[in-house]
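The values are calculated or read from the model by the stated rules, or taken from the named source; none is laboratory data. None of the values given here were measured: they were computed from a predicted structure. So basically every Cβ, Gly included, is an ideal-geometry build from the backbone, and we count neighbours across all protein chains shown. These accessible areas exclude ligands, DNA and RNA; they are computed on the full protein's heavy atoms, side chains included. Shrake-Rupley method; radii C 1.70, N 1.55, O 1.52, S 1.80 Å.
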Amino acid sequence: MTPIRVVVADDHLVVRTGFAELLGSQPDFAVVATVSDGAQAVRMCRELRPDVVVMDIRMPVMDGIEATRRLAGSGTRVLILTTFDLDEYVYDALRAGAGGFLLKDVTAERLFEAVRVVAAGDALLAPSITRRLIAEFARLRPTPEPAVPAPLTPRETQVLRLVAEGLSNVEIADRLTVSEETVKTHVSRMLGKLGLRDRTQAVVMAYETGLVVPRSAGDRFNPTEPT
C-alpha cells in the first residue's frame, strides 16, 4: 500500500513535533515535512505534493486560511487544526477549501481517522461537533433569506439541509426512511448539480444561502460531547 504523505504545519514546536511523531507511528502514513508557517506550508506542498497537510490557523508570515486558499485545486487536501474557543476563522478556512478540521486536543485515533478520511477525498464532518462549529461561525454573519438552489429537486434540497445539520448518511437514511445507498446517490447528484467538491462546501453553501439557520446562542459547542 502506498502510504499517505503528510505535511504538518504549526508554529508551536511541541504541537508540530507531537503530531508528526503520532502520524509517523502508523505504517500507512509518511510525514514528508514539518513547517512553522503558512508560506512554508504552501511551498512544501507545491514541491512535495503530499496527500494531506495538517494546517494550524494562526501562524506567522502567512496564516492557515490564506495557505489553504493558495492550495485550493493543488491536489493536497487541507485538514485544519483549531482550538475552537480561540480561533475565530474556522468558517473562513472551510470556505477557502479545507476538507475538515481537528481540535488540537484530538486523540491519536481520531487524528489517524481524520487524515485517512480527508486523504480519501471525503469531508471530515463529525455530526455533533461540526454542526455546532459551522453554526457558531455562521452566526457571526447576517442570515440571508432562504433560497433554494435552482437545480435541486425537493428531495435533494432536503438532503442538503440534513447534511448541513451534520447528519451522516446513515442518519439521513433513517430520517427519510430510505436506504443509505439512496442517500449517497442524492448527495452525489446534489454536489454535482451545484458544482461542489464535497460535503464541507455543501455545508458552507447551505448556511450562506440561508437554507440552514444557525442554532440559538444557548446551544453552544461542547468539546467534551461524544460524536
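Quick look at the values:
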item	result
Qualifying residue in region 65-73 (condition: closer than 19 Å to G18 by Cβ and open to solvent by 20 Å² or more (accessible area, probe 1.4 Å))	no
Hits in region 148-184 (condition: among the polar types (S, T, N, Q) and surrounded by 14 or more Cβ atoms within 10 Å (Cβ to Cβ))	T157, Q158, S168, N169, T182
Single residue of I172, I134 found to be modelled with pLDDT of 85 or more and either assigned to a helix (DSSP H, G or I) or on the phi > 0 side of the Ramachandran plot (or both)	I172
Residues located in region 12-25, provided they are over 13 Å from D51 (Cβ atoms) and either in a helix (DSSP H, G or I) or open to solvent by less than 60 Å² (accessible area, probe 1.4 Å) (or both)	L13, V14, V15, R16, T17, G18, F19, A20, E21, L22, G24
Residues satisfying the stated conditions in region 25-83, i.e. within 16 Å of D11 (Cα to Cα), among the basic types (K, R) and within 18 Å of the chain's Cα centre (by Cα)	R58
Matching residues in region 31-58 - criterion: being open to solvent by 20 Å² or more (accessible area, probe 1.4 Å) and of a type outside the set (V, I, T)	S36, A39, Q40, R43, M44, R46, E47, L48, R49, D51, R58
